[in-house]
Amino acid sequence: MEKLYIGLVDTPGLFAGIIRRVIKQDYIHVVLGMDEELEECYSVGRRFPSVPLIAGFEREEKEKILQAFPTARYMIYSIDCTKEQKERIQRKLRECYRNRYRYHYCVFGLPFILFQKEFYQKRHYTCSSFVARILEMHGIMLFDKHFSLVTPKDFYELEEKEIIYEGQLADICAEREYDVYPKTA
């Protein structure tokens, strides 16, 4: 068995605050990673962390997120998959990244989520619907609903997960820096 990694992110901000109130939880963003440190992870979200209106498919960069949101929190957990599933998902994510300007945030779909009505506009996703769709396309069925209705709360409440980390993004980045540049005595 192999592992895929889901990162749930809590960042401050007006748009994040609105989402937080609607879904009634702190973690409002979902990323899909290939490794437990989320060095290679992807999502549909802000192209530039401090600019909420420009969004699409991106490779997440924790350091940029930390710079924009020093108090950001993360929960990272793993889910099981086969080696073949992981390889196919990684290829698909890299393909999506090469074509990232074709993918957009699904603003028009947000009211449909509130009313629990399926909605899909070609290459338009929320962060959670994109991750749910990629997993579903590769045989990993985590939810009993259309991918367009999946929210970060669904990922948070998922029972088949192994939590690896929960805490400040600053701590993750500091641990990484320490591992790369150990202090000398």
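The values are calculated or read from the model by the stated rules, or taken from the named source; none is laboratory data. This structure is a prediction, so every number in the text was calculated from the model and none was measured. Here the Cβ is made from the backbone with ideal geometry for all residues, glycine too, and neighbour counts use every protein chain on show. The area values use the complete protein model at the heavy-atom level, side chains included, leaving out ligands, DNA and RNA. Shrake-Rupley method; radii C 1.70, N 1.55, O 1.52, S 1.80 Å.
When only residues in the stretch 111-126 that are out of contact with any Leu (no Cβ under 9 Å at 6 or more places or on another chain) and open to solvent by less than 50 Å² (accessible area, probe 1.4 Å) count, which is nearest to residue 3 (Cα to Cα)? Among residues in the stretch 111-126 that are out of contact with any Leu (no Cβ under 9 Å at 6 or more places or on another chain) and open to solvent by less than 50 Å² (accessible area, probe 1.4 Å), the one nearest to residue 3 (Cα to Cα) is 125.
Being among the basic types (Lys, Arg), touching a Leu at 6+ places or on another chain (Cβ under 9 Å) and either open to solvent by less than 80 Å² (accessible area, probe 1.4 Å) or at pLDDT 95 or above (or both) is a description that applies to residue 86.
Can you tell which of 70, 182 is modelled with pLDDT under 95, over 19 Å from the mean Cα position of the chain (by Cα) and not in a strand (DSSP E or B)?
Values: 70 fails: over 19 Å from the mean Cα position of the chain (by Cα).
Exactly one residue qualifies, and that residue is 182.
Of all residues in the stretch 37-55, those being buried (at least 21 other Cβ atoms within 10 Å of the Cβ) and either among the charged types (D, E, K, R) or modelled with pLDDT of 90 or more (or both) number 6. Only residues that are outside any helix (DSSP H, G or I) and within 23 Å of residue 94 (Cβ to Cβ) were counted across the stretch 121-140, and they come to 8.
Residues in the stretch 68-83 that are in contact with a strand residue (DSSP E or B) (Cβ under 6 Å, 6 or more places away or on another chain) and open to solvent by 30 Å² or more (accessible area, probe 1.4 Å): 73, 83.
Sub-6 Å Cβ pairs linking a first residue in the stretch 85-103 that is under 14 Å from residue 133 (Cβ atoms) to a second residue that is at pLDDT below 95 and open to solvent by less than 40 Å² (accessible area, probe 1.4 Å), at least 6 apart or interchain, are 96/57; 103/56; 103/57, ordered by first then second residue. Among the residues making up the stretch 141-162, those that are free of Cβ contacts under 8 Å to residues at least 40 places away in the same chain, surrounded by 15 or more Cβ atoms within 10 Å (Cβ to Cβ) and part of a loop (DSSP other than H, G, I, E, B) are 143, 146, 150.
The residues on offer are 82, 71, and the sole one that is out of contact with any Asp or Glu (no Cβ under 6 Å at 6 or more places or on another chain), over 23 Å from residue 141 (Cβ atoms) and among the polar types (S, T, N, Q) is 71.
Among the residues of the stretch 7-35 satisfying the criterion of being of a type in the set (D, E, K, R) and in a helix (DSSP H, G or I), which is surrounded by the most Cβ atoms within 10 Å (Cβ to Cβ)?
Here is the first cut: in the stretch 7-35, the residues of a type in the set (D, E, K, R) are 10, 20-21, 24, 26, 35.
Next, only the ones that are in a helix (DSSP H, G or I) stay: 20-21.
Details: 20: 18, 21: 10.
Once the filter is applied, the top-ranked residue is 20.
Can you name the residue in the stretch 89-110 that is open to solvent by less than 40 Å² (accessible area, probe 1.4 Å) and out of contact with any strand residue (DSSP E or B) (no Cβ under 6 Å at 6 or more places or on another chain) and is also nearest to residue 10 (Cα to Cα) among such residues?
Looking only at the stretch 89-110, we keep the residues that are open to solvent by less than 40 Å² (accessible area, probe 1.4 Å), and these are 89, 93, 96, 103, 106, 109.
Filter once more, so that each one left must be out of contact with any strand residue (DSSP E or B) (no Cβ under 6 Å at 6 or more places or on another chain): 89, 109.
Details: 89: 25, 109: 21 Å.
Restricting to residues being open to solvent by less than 40 Å² (accessible area, probe 1.4 Å) and out of contact with any strand residue (DSSP E or B) (no Cβ under 6 Å at 6 or more places or on another chain), the top hit is 109.
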